[in-house]
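The values are calculated or read from the model by the stated rules, or taken from the named source; none is laboratory data. Because the structure is a prediction, the values reported are computed rather than measured. Ideal geometry is used to build each Cβ from the backbone, glycine not excepted, and the neighbour counts take in all protein chains shown. In case anyone asks, the SASA skips ligands and DNA or RNA and just uses the protein heavy atoms, side chains included. Shrake-Rupley method; radii C 1.70, N 1.55, O 1.52, S 1.80 Å.
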Amino acid sequence: MYKIISLLTGWILDLCLGDPSRLPHPVVWFGKMIARCERKYNQGRHKTLKGALVSACLVLSVFAMTWGLLFAVSHVSVLLSTAFSAVLIFFGLAGTTLIREVRMVFQAVDESVEAGRRQVARIVGRDTSELSAQEIRTAALETLAENLSDGVVAPLFWLALCGVPGMMAYKMVNTLDSMIGYRTARYKEFGCFAARMDDVANYLPARLTALLMVIASGRLSLVRFVGRYGSCHASPNSGYPEAALAGILDCRFGGPHYYFGEMFDKPYIGENDRPLVTADMRKAVYINRVAEVLAVILAALTML
């Protein structure tokens, strides 16, 4: 029961607060640790091996530290342990902040393309300097779909499977991938293991996310659409939630993008290359929220 209380409290805090900029966030610390290690070890020979060791050590360290802290707190008070777990779950979820950012992207691009480019650059890794209004809206919705998996469903999946330490370890895995898991000249060797680790960690959550989105839409026939286009992505996982949203909105995602000055020709997901509008964003947000509720219910059921 205390685990469910922690889960619901942490989730409600995320719904209400998102990621407050004034609070220290574990992911920020994770990022600093990764950046420091990358500068020190991503050079010379054996970059692949060094990257694998760094990634594995960081993930295991986060799991061990979280477990140790929870173990120590649990010997003080059950209520304190429940509250501490709730705070960590709150930090582990990232649904509300991304939804806010996506809304701001659509508002900004309605004002001007340049404003939209600046706003979408906050949430995507690709080069945004030449994006059209349609490409800006597409990028925002693609990121919204991916974030439902990476920022909500996957953390809840690992919470249900391995407890709060597993959830925090997953956040480190995901942060590693977002920082060094690129196939660019700088990260291709050093970040290879981190990227593969993220692929494994998200394999089931990504497909579960797509299923929850289809259920949220009430159109179970879209399962076939997801099965057809889910693998049409450079990532073995990101294509599934993107395909689900593309099917729900009857639009097209994917295509060529620039990352760190290098062109990556991604396959298209869907066929209807129609203009995206604010109503599509609102529908996507609604689907995200319903799928998120379903994910929380599933996680809570596993804790009974």
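Only one of the listed residues (V102, V109, V27, V73) is within 30 Å of K283 (Cβ to Cβ), surrounded by 16 or more Cβ atoms within 10 Å (Cβ to Cβ) and in contact with a Leu (Cβ under 6 Å, 6 or more places away or on another chain). That residue is V102. On the stretch given as segment 267-278, residues that are modelled with pLDDT under 95 and within 22 Å of G116 (Cα to Cα) total 1.
For segment 180-210, a residue qualifies if it is within 16 Å of L53 (Cβ to Cβ) and part of a helix (DSSP H, G or I), and the qualifying residues are I180, C192, F193, A194, A195, R196, M197.
Annotation note: of A206, A244, A194, A185, the sole residue that is under 13 Å from D150 (Cα atoms) and either out of contact with any Lys or Arg (no Cβ under 9 Å at 6 or more places or on another chain) or at pLDDT 95 or above (or both) is A206.
Yes/no per residue for (1) out of contact with any Pro (no Cβ under 7 Å at 6 or more places or on another chain); (2) open to solvent by less than 10 Å² (accessible area, probe 1.4 Å):
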residue: V153; (1), (2): no, yes
residue: L156; (1), (2): yes, yes
residue: C162; (1), (2): yes, no
residue: Y170; (1), (2): no, yes
residue: R183; (1), (2): yes, no
residue: E189; (1), (2): yes, no
residue: C192; (1), (2): yes, no
residue: D199; (1), (2): no, no
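When R137, R117 are checked against the criterion of being farther than 30 Å from V54 by Cβ, in contact (Cβ under 8 Å) with a residue 40 or more places away in the chain, in a helix (DSSP H, G or I) and open to solvent by 30 Å² or more (accessible area, probe 1.4 Å), R137 stands alone in meeting it.
Among the residues in segment 262-279, are any assigned to a helix (DSSP H, G or I) and either in contact (Cβ under 8 Å) with a residue 60 or more places away in the chain or among the aliphatic types (A, V, I, L, M) (or both)? Yes, because at least one residue in segment 262-279 is assigned to a helix (DSSP H, G or I) and either in contact (Cβ under 8 Å) with a residue 60 or more places away in the chain or among the aliphatic types (A, V, I, L, M) (or both). Selection within segment 80-89: residues that are under 20 Å from the mean Cα position of the chain (by Cα) and open to solvent by 10 Å² or more (accessible area, probe 1.4 Å). The member of this set that is nearest to A169 (Cα to Cα) is L88.
Applying the condition of being surrounded by 18 or more Cβ atoms within 10 Å (Cβ to Cβ) and under 24 Å from the mean Cα position of the chain (by Cα) to segment 41-65 and asking which residue is nearest to G163 (Cα to Cα) yields F63. Touching a residue at least 40 places away in the same chain (Cβ under 8 Å), in a helix (DSSP H, G or I) and out of contact with any Asp or Glu (no Cβ under 6 Å at 6 or more places or on another chain): does that describe G151? In short, yes. Would segment 5-19 turn up any residue that is part of a loop (DSSP other than H, G, I, E, B) and touching a helix residue (DSSP H, G or I) at 6+ places or on another chain (Cβ under 6 Å)? Yes, segment 5-19 contains a residue that is part of a loop (DSSP other than H, G, I, E, B) and touching a helix residue (DSSP H, G or I) at 6+ places or on another chain (Cβ under 6 Å). Among the residues of segment 5-15, the one identified as under 19 Å from the mean Cα position of the chain (by Cα) and either over 22 Å from A160 (Cα atoms) or small (G, A, S) (or both) is G10. Scanning segment 247-262 for residues that are surrounded by fewer than 24 Cβ atoms within 10 Å (Cβ to Cβ) and of a type in the set (G, A, S), we see that the one that is modelled with the highest pLDDT is G254.
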